[in-house]
Amino acid sequence: MQARPARSSSILGWLLESRNGLGLLFMLPAAVFLLCFLTYPLGLGVWLGFTDARIGREGIFIGLENYIWLFDDPVFWLSVFNTMLYTVVASVLKFALGLWLALILNQHLPFKTFFRAIILLPWVVPTVLSALAFWWIYDSQFSIISYVLMNLGVINEPINFLGDPTNARASVIAANVWRGIPFVAISLLAGLQTIPQSLNEAAALDGATSWQRFTKITLPLLTPIIAVVMTFSVLFTFTDFQLIYVLTRGGPVNATHLMATLSFQRAIPGGQLGEGAAIAVAMIPFLLAAILFSFFGLQRRKWQQGGGD
Amino acid sequence: MTINRRRFLSGTAGLAAGGLLAGTLGTRHALAQASASMFTPEEGATLRLLRWVPFVTGEEETWNANTAAFTEATGVEVRIDQESWEDVRPKAAVAANVGSGPDMVMSWFDDPFQYPDKLVDVTDLANALGEEHGGWYEGLEGYARQDDKFIAVPLCAIGNAICYRDSHMKAAGFSEFPQDTDGFLELCKAMKAKGTPAGFPHGKAVGDGNNYAHWLLWSHGGMTVDESGAVAINSPETKAAIDYAKALYETFIPGTESWLDINNNRAFLAGEVSLTANGVSLYYAAAKDEAMKEIAEDIRTTNLPVGPVGTSVELHQTSTISIFNHCQYPQAAKAYLAFMYQADRMNAWLEGASAYCCQALKGFENNPVWTSNPVHAPYAKASASLRPNGYAGPLGPASAGVMADYVLVDMFAEAVTGQRSAEEAISNAERRIARYYR
């Protein structure tokens, strides 16, 4: 009883001796790190979106003016549409092809390890480098694809990959899918290997077809992994920047401008920091929705265990 | 070769001057011209210059040699930092407003107008230089002077000119390059018919795309805003410019709407297009490559044709140098700039840049570089035809924002690709411009 007042008088003493205090102390570095490098920039970004800040010059609070302007800016809405299209199409393709690849790699193939290693290549190559390679592949005059098809007599003139809005969107999505598949495939492969072989064997003995085994055993057991992998994949795709910046800079006529690239264009070369920040902030609801969907939609226990809702 | 010899000579001259004066009281008497003796560096001064990454090695070498000669003559160390050209703007803006970092910046276009109150008034220096060297070109002066005050010293224009294949033009039935926009359209049609088409970028090419779009608009008398900064894009002139652009686009090689800055160079050097506009670097890319000798010998250059407006008007890239208020040694900085603009220094630099940089002062128009190769000649006129962006309005964040957001590039691209009608493209551009000039 005598020690108590002495202890409470010294905060340091309390921190060092109490279990909770010590815990707090140990968490402090991480908390400071998160505050400095995550909360502060995010908060600053949100704040800038409400100001008319320009590069190097502090802005004044202008309320929702940036958002009101963006609301009737067709270029902004086009970028929202492009971002949605890009994310949805690329993510679905990445998921389908990635899962397929994972299933193949999970079979007993010759040179299995070799294939598993090589599949990672597109993911390992720095994005800018692969984007530069795609830039040449899609060049309006020197595309290898056009060259081959022209020599085969399939087409008469080079394909206008990045000049036509539809082609340009398809081209950048294809490049993104190529780059994103390995991440999905390897992660799902890891998930597949955690599924006990005995379940499949038991089902096979009961006469289940391989399709039934896939839909009733593999898929439900894989959902937690799918949820995590696809959340990440969607987030990466949604915030993609490098690929677009190298390939088209958002052209032709903004047909491939994503919210991230538009935000950069307006904020840094354009100097309109406030407006750029507002575009970046406008991405947050979409990202939150994607996260919430995957966590509450895909991670429901019942569904994972094969039951209905 | 000539450049190297020149550099060697100027270098030794600097050394000799420095050596002679080492024992005397000051260095000001060594410098013959008036502007040179106007400023005496502060005791113990050092300077830092932020510049864009050089495009031509000869330019960098002569600039550095001139700087070394300045250090030799005055004892003032000058550190030169390089940033890729698109990064100079944000770096300089932050330096200006934070109040630390480089003392001087070699920046692009209307950058000084983003933070005019953070810059040292250089009117005395600029006026002295102007008087000594035949005056500043009007367009370049526009990028440096706010009302009656110089907030920057114009450095150079990076010229843009048409590069074409002479043999292909002749094969299309033209012996002379047409000087007006109508004749130019006919030439492009004829070249298209011969299978040697032209190509200008309608994509997000920061340099070439903006040069082309501004020329289209200005040569037809269009303007983004009037003198007071009120939006003036919606005009019959703009409509005429768009109609002309559409007709010209019909004659282009397919795919120009995806072109970034490098695409026209690639297509030209591969023989896919026979006419485009570019800096002199395109010619040198061919001239330096043994395999492209044939193309290099066939390349001719000329200025962009004159439109209904009656005179040659172009954007070009423009660079100026400004001194930040936070510079501790403004006299030294002015002395440095005065030194770099001395006739022999500036001439050596212009020659080192091998026609890439066009003089800002009329007195340097007889620099031997312009006559050393006929290909260089059109680039000599860059500063004369140059018009500041955001014409006819004031320079500032609005003019810079409109260009960085590709408003004009988009307007023409929307119309020529048929994505919008000319009227819709104009009203969309009008909206976007109004936003920046609110």
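The values are calculated or read from the model by the stated rules, or taken from the named source; none is laboratory data. Quick caveat, the model's predicted, so the values are computed rather than measured. Glycine gets a Cβ as well: all are built from the backbone with ideal geometry, and neighbour counts include every protein chain shown.
A few remarks follow.
- A:F81 being closer than 28 Å to A:L287 by Cβ and among the aromatic types (F, W, Y): yes
- Among (1) surrounded by fewer than 19 Cβ atoms within 10 Å (Cβ to Cβ); (2) closer than 20 Å to B:N211 by Cβ - the single one B:A287 does not satisfy: (2)
- Residue match in region A:51-64 (condition: under 28 Å from the mean Cα position of the chain (by Cα), surrounded by 12 or more Cβ atoms within 10 Å (Cβ to Cβ) and among the small types (G, A, S)): no
- Verdict on B:A198 being touching a helix residue (DSSP H, G or I) at 6+ places or on another chain (Cβ under 6 Å) and under 19 Å from B:V416 (Cβ atoms): yes
- Any chance B:T301 is β-branched (V, I, T), more than 25 Å from A:A255 (Cα to Cα), surrounded by 20 or more Cβ atoms within 10 Å (Cβ to Cβ) and more than 14 Å from chain A (Cβ to nearest Cβ): yes
- Apart from one condition, A:S140 fits all of (1) in contact with a helix residue (DSSP H, G or I) (Cβ under 8 Å, 6 or more places away or on another chain); (2) among the small types (G, A, S); (3) modelled with pLDDT of 90 or more; the exception is (3).
- For region A:116-139, taking the residues that are in a loop (DSSP other than H, G, I, E, B) and touching a Ser or Thr at 6+ places or on another chain (Cβ under 9 Å), the one that is nearest to B:V273 (Cα to Cα) is identified as A:D139.
Quick grid of which residues meet (1) within 14 Å of chain B (Cβ to nearest Cβ); (2) surrounded by fewer than 16 Cβ atoms within 10 Å (Cβ to Cβ); (3) in a loop (DSSP other than H, G, I, E, B):
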{"residue": "A:Q141", "(1), (2), (3)": "yes, no, yes"}
{"residue": "A:I145", "(1), (2), (3)": "yes, yes, no"}
{"residue": "A:L149", "(1), (2), (3)": "no, yes, no"}
{"residue": "A:P158", "(1), (2), (3)": "yes, no, yes"}
{"residue": "A:F161", "(1), (2), (3)": "yes, no, yes"}
{"residue": "A:I173", "(1), (2), (3)": "no, no, no"}
{"residue": "A:A190", "(1), (2), (3)": "no, yes, no"}
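- B:A377, sole failed condition from (1) more than 10 Å from chain A (Cβ to nearest Cβ); (2) under 17 Å from B:I233 (Cα atoms): (2)
- Odd one out for A:G59, checked against (1) without any contact (Cβ under 8 Å) to a residue 60 or more places away in the chain; (2) not in a helix (DSSP H, G or I): (1)
- Within region B:351-380, if we keep just the residues that are polar (S, T, N, Q) and over 13 Å from B:G58 (Cβ atoms), the residue that is nearest to the chain's Cα centre (by Cα) turns out to be B:Q359.
- Pairs are defined by a Cβ separation below 6 Å, a sequence spacing of at least 6 or placement on different chains, a first member in region B:91-116 that is without any contact (Cβ under 8 Å) to a residue 40 or more places away in the chain and closer than 19 Å to A:L273 by Cα, and a second member that is assigned to a helix (DSSP H, G or I) and of a type in the set (S, T, N, Q); the pairs so defined are B:A93/B:Q114.
- Every residue from region B:408-421 that is assigned to a helix (DSSP H, G or I) and touching an Asp or Glu at 6+ places or on another chain (Cβ under 7 Å): B:A413
- Near pairs, Cβ below 9 angstrom, 6+ apart or cross-chain, from region B:203-221 (on the phi > 0 side of the Ramachandran plot) to any residue that is in a helix (DSSP H, G or I) and among the hydroxyl-bearing types (S, T, Y): B:G221/B:T238
- In the set B:E60, B:E86, only one residue is within 13 Å of chain A (Cβ to nearest Cβ) and either in contact with a Pro (Cβ under 6 Å, 6 or more places away or on another chain) or more than 20 Å from B:Y336 (Cα to Cα) (or both); that residue is B:E86.
- Residues that are assigned to a helix (DSSP H, G or I) and among the β-branched types (V, I, T), drawn from region A:62-89: A:I68, A:V75, A:V80, A:T83, A:T87, A:V88, A:V89
- Residues (crowded, with 24+ Cβ neighbours inside 10 Å and either over 16 Å from A:Y138 (Cβ atoms) or at pLDDT 95 or above (or both)) located in region B:254-267: B:N264
- Note on region B:304-361: among residues that are hydroxyl-bearing (S, T, Y) and out of contact with any helix residue (DSSP H, G or I) (no Cβ under 7 Å at 6 or more places or on another chain), the one that is surrounded by the most Cβ atoms within 10 Å (Cβ to Cβ) is B:S319.
- Within region A:224-273, the residues that satisfy the criterion of being aromatic (F, W, Y) and under 16 Å from A:V89 (Cβ atoms) are A:F236, A:F238.
For (1) within 18 Å of B:S258 (Cβ to Cβ); (2) aromatic (F, W, Y); (3) within 11 Å of another protein chain (Cβ to nearest Cβ); (4) in a helix (DSSP H, G or I), each residue gets a yes or a no:
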residue	(1), (2), (3), (4)
A:F232	no, yes, no, yes
A:F236	no, yes, no, yes
A:D240	no, no, no, no
A:R249	yes, no, yes, no
A:H257	yes, no, yes, no
A:A260	no, no, no, yes
A:S263	no, no, no, yes
A:G271	no, no, yes, no
A:G276	no, no, yes, yes
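- Selection status of B:Y284, more than 14 Å from chain A (Cβ to nearest Cβ) and modelled with pLDDT of 95 or more: no
- Apart from one condition, A:E201 fits all of (1) out of contact with any helix residue (DSSP H, G or I) (no Cβ under 9 Å at 6 or more places or on another chain); (2) among the charged types (D, E, K, R); (3) not in a helix (DSSP H, G or I); the exception is (3).
- Put simply, of B:V402, B:V369, B:V375 the only residue that is crowded, with 19+ Cβ neighbours inside 10 Å, free of Cβ contacts under 8 Å to residues at least 24 places away in the same chain and touching a Ser or Thr at 6+ places or on another chain (Cβ under 8 Å) is B:V369.
- Applying the set (1) within 11 Å of chain A (Cβ to nearest Cβ); (2) surrounded by fewer than 22 Cβ atoms within 10 Å (Cβ to Cβ); (3) in contact with a helix residue (DSSP H, G or I) (Cβ under 6 Å, 6 or more places away or on another chain) to B:V273 leaves exactly one unmet item: (2).
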